[in-house]
Amino acid sequence: MAYLKRAALAAFAAAALAGTSFAATPALAAPAKAARTSVKAVEPRITSDVDAKKIEWVRDGQPQACPTGSICLSVWDPTHSPAMWKVYTLNVCARYNFHDWIGEGYINDQQTDDVFSDFYNSAGKLIFRKTPGDQVKENWTPVDYVVTC
């Protein structure tokens, strides 16, 4: 240890005699910053055997109307310019498959009578059930499809 101290002092003295500043010469170069990675945004969508859906985009904070007899599902669409809520109005009893639905969104269930909508994951496990009158926020990430009515 004493040898290292002496060697460091000798290097400092040599630099001082040579007229250079020891503090101005960094011992190690700063590490390069990690390259930034980006993930391309993907548009959330629904597919179904029936063509019974209406799609509209609404700004954040704008109220969402849902017609009687329908269930409306909102998902954030980062691909829309500017980014907005993509609102699907579903009005036919069917299975609707979700693609790229990530994060939280909203359900406004205005179906009538004694119907319900079941939301499932990719393994076919029931995640949650909604009934007429429900107006709630849910996490879309684990949901793979919904069966209305």
Flag if I102 is closer than 19 Å to P142 by Cα, out of contact with any helix residue (DSSP H, G or I) (no Cβ under 6 Å at 6 or more places or on another chain) and either open to solvent by 60 Å² or more (accessible area, probe 1.4 Å) or of a type in the set (S, T, Y) (or both): yes
For region 19-37, does any single residue satisfy the condition of being modelled with pLDDT of 65 or more and not small (G, A, S)? no
Working only within region 110-147, note down all residues that are open to solvent by less than 60 Å² (accessible area, probe 1.4 Å) and touching a Gly at 6+ places or on another chain (Cβ under 6 Å). W140
Which of the residues that make up region 49-77 are assigned to a strand (DSSP E or B), of a type outside the set (K, R) and buried (at least 17 other Cβ atoms within 10 Å of the Cβ)? I71, C72, L73, S74, V75, W76, D77
Can you pull out every residue in region 88-104 that is outside any loop (DSSP other than H, G, I, E, B) and over 22 Å from the mean Cα position of the chain (by Cα)? L90, R95
Restricted to region 88-99, and to residues that are in contact with a Ser or Thr (Cβ under 7 Å, 6 or more places away or on another chain) and closer than 20 Å to T141 by Cβ, which residue is surrounded by the most Cβ atoms within 10 Å (Cβ to Cβ)? L90
Condition met for W85 (under 15 Å from V143 (Cβ atoms), outside any loop (DSSP other than H, G, I, E, B), free of Cβ contacts under 8 Å to residues at least 40 places away in the same chain and among the hydrophobic types (A, V, I, L, M, F, W, C)): no
Just one listed residue, out of V136, V143, V115, is within 20 Å of the chain's Cα centre (by Cα) and part of a loop (DSSP other than H, G, I, E, B), and it is V143
For I107, indicate whether it is in a loop (DSSP other than H, G, I, E, B), surrounded by 15 or more Cβ atoms within 10 Å (Cβ to Cβ), under 23 Å from the mean Cα position of the chain (by Cα) and of a type in the set (A, V, I, L, M). no
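The values are calculated or read from the model by the stated rules, or taken from the named source; none is laboratory data. This one's a predicted model, so the numbers in the text were calculated from it and none came from an experiment. With ideal geometry, Cβ positions are generated from the backbone for all residues, glycine too; neighbour counts draw on all protein chains shown. Remember, those area values only see protein heavy atoms, side chains included, never the ligands or the DNA or RNA. Shrake-Rupley method; radii C 1.70, N 1.55, O 1.52, S 1.80 Å.
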